[in-house]
Amino acid sequence: MMKKEVLLLIVGVLLTYLVLMLLLLRQRNLKDRLKKEMAQHQMDLALLKNKVYLAAHALAEVISTPPVEFNLQDADWDDFIELVNHHHQGFVKRLLEKFPTLTKGDVQICCLTKLGFSNQVIATLMNQQAASYARRKSRIKQEKMNGLQDERSFEEIIEAL
């Protein structure tokens, strides 16, 4: 009977030792995982303070948003042109007297420019890419506003009217 009790005692001690070892290993794994998570958190915080990351993140949000559909009708543009003409004391009338070959689309661009909208905003409203809009604006100046004889920019010509 004594051998059995000693054997049970040894098995009990071994099981206790095994349980303690497993607990210690688990604690060490938890500490290692916590260290890794803390390091990752510190990297995330540093990244959130980085200007390049913030700019890229903002740009990604802008690029990934669906394009805005404006569905502007001729009547909407007519109202807009009339308002700009009135607000700027006959701007459209002076524009067309000086440059009678301007199309309705050209006048729309001139009105948006007169109000100080950026090239990007105007290109978007005109449903054009920025480069296409820049070429169109240049053609308006060169072909319809005697641009070869006027060294001012398109915006300066519009502002002077």
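Bear in mind that the values in this text are calculations on the coordinates, not laboratory data. Computed from a prediction, not measured in an experiment: that's the story for all the values here. Every residue, glycine among them, receives a Cβ derived from its backbone with ideal geometry; neighbour counts consider all protein chains shown.
Is the shape of segment 1-93 rounded, prolate or oblate, going by the alpha carbon gyration tensor and its root eigenvalues a ≥ b ≥ c, with a/c under 1.5 for rounded and a/b larger than b/c for prolate? Show your work: numbers first, answer last.
Details: a/c = 10.41, a/b = 4.77, b/c = 2.18.
Judged from the Cα gyration tensor, segment 1-93 comes out prolate (a/c at least 1.5, a/b above b/c).
Given axes a ≥ b ≥ c from the Cα gyration tensor, I'd like to know whether segment 74-160 is rounded (a/c under 1.5), prolate (a/b larger than b/c) or oblate. Numbers along the way, then the final one.
On the way: a/c = 1.61, a/b = 1.08, b/c = 1.49.
Taking the square roots of the gyration eigenvalues as a ≥ b ≥ c, segment 74-160 is oblate.
Where in segment 68-161 are there chymotrypsin sites (Phe, Trp or Tyr not before Pro) that are in a DSSP coil and have at most 13 other Cβ atoms within 10 angstrom of their Cβ? Write out the running numbers ahead of the final one.
Details: sites: PHE70, TRP77, PHE80, PHE91, PHE117, TYR133, PHE154; in loops: PHE70, PHE117.
Here the chymotrypsin sites (Phe, Trp or Tyr not before Pro) that fit, given the DSSP loop and packing criteria, are PHE70.
If you build a Gaussian network model of the chain, linking Cα atoms that sit under 10 Å apart, which residue out of LYS31, LYS51, LYS137 swings the most?
Result for the chain, Cα springs under 10 Å: LYS31 fluctuates most.
Over all distinct alpha-carbon pairs, what is the Kirkwood Rh of the chain in angstrom?
22.3
What list of ³J(HN,Hα) couplings, whole Hz, do you get for segment 126-136 from phi and the Karplus terms 6.51, -1.76, 1.60, once you set θ to phi - 60° and write x for glycine and proline?
Result, ordered by residue: 7, 6, 10, 6, 4, 5, 5, 5, 4, 5, 5 Hz.
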